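What follows is a short report on a single structure.
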Amino acid sequence: MLTEEMTMTYEESVKYLYKIAGFATKSSLEDIKYFLERLGNPQKELHMIHVAGTNGKGSVCAFLEALLTQHGKKTASFTSPHVVKINERIKLCAKEISDERFASAAVKVRHAIETGITEGKNSPSFFEAVFLMAMVIFQEEQPDICMIETGMGGRYDATNVICPKVSVITSISEDHMEFLGQTLEEIATHKAGIIKPGIPVVTIEQEPKVKEILSEEARQKKSRIYDISEDNLNFKEKAGKYIDFLNVNAYDKERDVRTNIAGEFQKSNLAAALQTAELICGRLDEDKIYKALSQIRISGRMEEIAPGIIVDVSHNIQGMQGFVQTVEANYHGMKKRILFAASHQNEEEYMKNILKTIPEIEAFYTVGIHKRRINEAEFQDAFRKMIDRNQETTVCFVVGSFYLAGMAKEFINQEEENVRL
């Protein structure tokens, strides 16, 4: 039993959280509320934006983080999963928390959990425990606004105990069907659950049946709904201003705005973030918008981790379709090598077939995932073969899983460290 006076090292706190992952199941919202009460109800003191959806949640949070920071807001964010290190899930002013801060919050949450277990409560899952840690840290830090991303679903997600200033629902498609239902309507009903009475909700363009479900939920809750599309990026048409979504030179001589966030689908995510930021800040300053976009980086989203090596965390059918469109639009005429691993085995063949429609694939490598783990030797063998190239006209892509992207980044980081040594 951990007492309030005891401490844990960072390594001990990580080990404890992974131990939770081994035996805990998803908690009820009542249990989550109990643990938050034990922690002093930190969520009641915070101003938050709640983000749900199948794809694009992390990108919307990153856009919001950049936009709100440029408009003078002190930000915090809770997102998942992480790519390399757990600390990525909890950020203050766009920077992941320190190991010391992580361990300190873990001690407080562990004490609340162990107290709860003695009173008959179920232990929270890994995701739920880290969410509780984020609430503790944010209460201590008192940011102006916090971005809170759901884990999966929404209605029964641990994060749905919060009352946000704005709810955001990104693109909805079939994913986590073993938990959320076998139809798009069932999945949409889960996502719609984050809509709160009287709280505005921002959503991007959806399938008609999804839009109908979201609109009905908003009507019942008397919440204003903002249906946003990339057409809302009206400022991009103004003289001298242009957004380039792939970090290459914009053609307008008066304003060269760059971002490394590739993908046509990101325009809708950006539009949703802009509308949300406007609801928080009022009218936005265009110069600050462009400054935010020029500085933004999102880990694992068409991220070039070394020259000619790009990782992307797309891991479901809709995400893979967007990835393929981005590759075809921006790497036409170049040879491609692909390393793929499927987070969702039930969609593996579908995603593989989508990837193989990309023109000019020179080599295609696959590694397996078993219980969220990839064999290190198998990965390194495939990765080394893929990057062993002589032509500058070849681009290597790592796609299909957060775990795979993380391994690729760690491999490159270690290689760079070895060179420095």
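Taking the criterion of being at pLDDT below 85 and over 21 Å from Gly406 (Cα atoms), the residues of region 253-285 that qualify are Lys253, Glu254, Arg255, Asp256, Val257, Arg258, Thr259, Glu264, Phe265, Gln266, Lys267. Any residue at all in region 397-407 that's closer than 27 Å to Gly22 by Cβ and either among the basic types (Lys, Arg) or in contact with a Pro (Cβ under 7 Å, 6 or more places away or on another chain) (or both)? Among the residues of region 397-407, at least one is closer than 27 Å to Gly22 by Cβ and either among the basic types (Lys, Arg) or in contact with a Pro (Cβ under 7 Å, 6 or more places away or on another chain) (or both), which makes the answer yes.
Of all the numbered requirements in (1) of a type in the set (D, E, K, R); (2) closer than 16 Å to Ala277 by Cα; (3) out of contact with any helix residue (DSSP H, G or I) (no Cβ under 9 Å at 6 or more places or on another chain), Glu114 misses one, and that requirement is (2).
Looking across Ile310, Ile305, one residue alone is open to solvent by 20 Å² or more (accessible area, probe 1.4 Å), in a strand (DSSP E or B), closer than 30 Å to Asn375 by Cβ and among the aliphatic types (A, V, I, L, M). It is Ile305. Note on region 185-218: residues that are assigned to a helix (DSSP H, G or I) and crowded, with 19+ Cβ neighbours inside 10 Å total 11. Scanning region 275-330 for residues that are among the hydroxyl-bearing types (Ser, Thr, Tyr) and farther than 15 Å from Thr69 by Cα turns up Ser299, Ser314, Thr326. Looking at region 73-89, is at least one residue under 27 Å from Ala21 (Cα atoms) and of a type in the set (Asp, Glu)? So far as region 73-89 goes, yes, one or more of its residues are under 27 Å from Ala21 (Cα atoms) and of a type in the set (Asp, Glu). Screening region 219-249 for residues that are in a loop (DSSP other than H, G, I, E, B) and at pLDDT 90 or above and picking the one that is least open to solvent (accessible area, probe 1.4 Å) gives Ser223. Inside region 370-399, residues that are in contact with a Leu (Cβ under 9 Å, 6 or more places away or on another chain), part of a strand (DSSP E or B) and not aliphatic (A, V, I, L, M) make up a count of 2.
When residues in region 71-83 are screened for being open to solvent by 50 Å² or more (accessible area, probe 1.4 Å) and either on the phi > 0 side of the Ramachandran plot or within 16 Å of the chain's Cα centre (by Cα) (or both), 2 of them pass.
Confirm whether Phe411 is among the hydrophobic types (A, V, I, L, M, F, W, C), open to solvent by less than 70 Å² (accessible area, probe 1.4 Å) and either in contact with a Leu (Cβ under 9 Å, 6 or more places away or on another chain) or not in a helix (DSSP H, G or I) (or both). Judged against the criteria, Phe411 is not a match.
Examine region 345-368 for a residue that is outside any helix (DSSP H, G or I), within 13 Å of His315 (Cα to Cα) and either free of Cβ contacts under 8 Å to residues at least 12 places away in the same chain or under 26 Å from the mean Cα position of the chain (by Cα) (or both), and state whether such a residue exists.
no
Would you check if Tyr403 is of a type in the set (Ser, Thr, Tyr), in contact with a Ser or Thr (Cβ under 8 Å, 6 or more places away or on another chain) and either surrounded by 14 or more Cβ atoms within 10 Å (Cβ to Cβ) or outside any helix (DSSP H, G or I) (or both)? Here the answer is yes, as Tyr403 does meet what is asked.
In region 84-117, the qualifying residues are those that are among the charged types (D, E, K, R) and in contact with a strand residue (DSSP E or B) (Cβ under 9 Å, 6 or more places away or on another chain), and the one that is most open to solvent (accessible area, probe 1.4 Å) is Glu96.
The values are calculated or read from the model by the stated rules, or taken from the named source; none is laboratory data. What you see is a predicted model; the values in this text were computed from it and never measured. We place every Cβ from the backbone using ideal geometry, glycine too, and count neighbours over all the protein chains shown. Quick note on the areas: whole protein, heavy atoms, side chains included, nothing else; ligands and nucleic acids left out. Shrake-Rupley method; radii C 1.70, N 1.55, O 1.52, S 1.80 Å.
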